[in-house]
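First up is the structure itself, then whatever we jot down about it.
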């Protein structure tokens, strides 16, 4: 991630703890020639040199940092894809559905293993969905209305994409009940997700059709990029779990959003403290 230790670049620092004084301290630490505010708690340090201690200092002060190239314009993108659970939204929908069956902890434990890449995703999903068998389908509406919240900065990111004509793809190993409502609510361009089977108004405990896993996410992303005539550099993929890694690897810029360590380690950039609108500050 970022340029070689001897190179000079732009250091972007942001997050709720990124105050003017801390930006100045980082400018001095990195030898930046100048620094400018690009948002209330986001700064670009120009002419910075990647030096030992910068990353650790930022981590200790809960500040996101990224080394970026000059001239990378957000307006030149053609496709932005993002995961749904714990990325576009703050919750894991299946965990919240499980709460209605008093099985949230058991399901959440399996979810966490899957997101860390410790167990096969399709098998983990079938195992979790089976625990939902017998629940009234109305619980889906309850989760959407009472529990589902957009991640901070989500609406600003979507609005900027629309302003520049960047297409938005929502990919999810979760459920179409939620992705389709979010598509309509936010005006997203395309989605891919799983379909829960409903039998006489009850969840059957089964998923219909082929499960959307890491391969399916990546395939949908690449298909849409080809259809748009987008080069790799004109694409961005955002995710938090191991099942997002193949899609993220296919993108010109990959962003780990409040993600598991395995995802942060392989992403172009990581946002651990900023909202989704922090992605905008990584581009000119």
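The values are calculated or read from the model by the stated rules, or taken from the named source; none is laboratory data. Bear in mind the structure is a predicted one, so any value in this text is a computation, not a measurement. We place every Cβ from the backbone using ideal geometry, glycine too, and count neighbours over all the protein chains shown.
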Go through the residues of region 47-64 one by one and say whether even a single one is on the phi > 0 side of the Ramachandran plot and in contact with a strand residue (DSSP E or B) (Cβ under 7 Å, 6 or more places away or on another chain). yes
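Yes or no, residue by residue, for (1) surrounded by 16 or more Cβ atoms within 10 Å (Cβ to Cβ); (2) within 18 Å of residue 168 (Cα to Cα); (3) touching a helix residue (DSSP H, G or I) at 6+ places or on another chain (Cβ under 6 Å):
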site: 200; (1), (2), (3): no, no, no
site: 207; (1), (2), (3): yes, no, yes
site: 213; (1), (2), (3): yes, no, yes
site: 233; (1), (2), (3): no, yes, no
site: 242; (1), (2), (3): yes, no, yes
site: 254; (1), (2), (3): yes, yes, yes
site: 258; (1), (2), (3): yes, no, no
site: 271; (1), (2), (3): yes, no, yes
site: 283; (1), (2), (3): yes, yes, yes
Can we say residue 225 is out of contact with any strand residue (DSSP E or B) (no Cβ under 8 Å at 6 or more places or on another chain) and part of a helix (DSSP H, G or I)? no
What is the one condition in (1) exposed (fewer than 14 other Cβ atoms within 10 Å of the Cβ); (2) modelled with pLDDT of 95 or more; (3) at negative phi that residue 134 does not satisfy? (3)
Pick from 39, 60: which is under 22 Å from residue 168 (Cβ atoms), outside the structural domain of residue 264 (by TED's automatic domain parsing) and surrounded by fewer than 18 Cβ atoms within 10 Å (Cβ to Cβ)? 39
If you go through region 211-222 one residue at a time, do you hit one that is farther than 23 Å from residue 43 by Cα and free of Cβ contacts under 8 Å to residues at least 12 places away in the same chain? yes
Restricting to region 94-112, name every residue that is crowded, with 16+ Cβ neighbours inside 10 Å, part of a helix (DSSP H, G or I) and in contact with a helix residue (DSSP H, G or I) (Cβ under 8 Å, 6 or more places away or on another chain). 94, 95, 96, 97, 98, 104, 107, 108, 110, 111
Can you pull out the residues in region 5-45 that are in contact with a strand residue (DSSP E or B) (Cβ under 6 Å, 6 or more places away or on another chain), closer than 18 Å to residue 269 by Cβ and in a strand (DSSP E or B)? 9, 10, 11, 12, 13, 14, 38, 42, 43, 44, 45
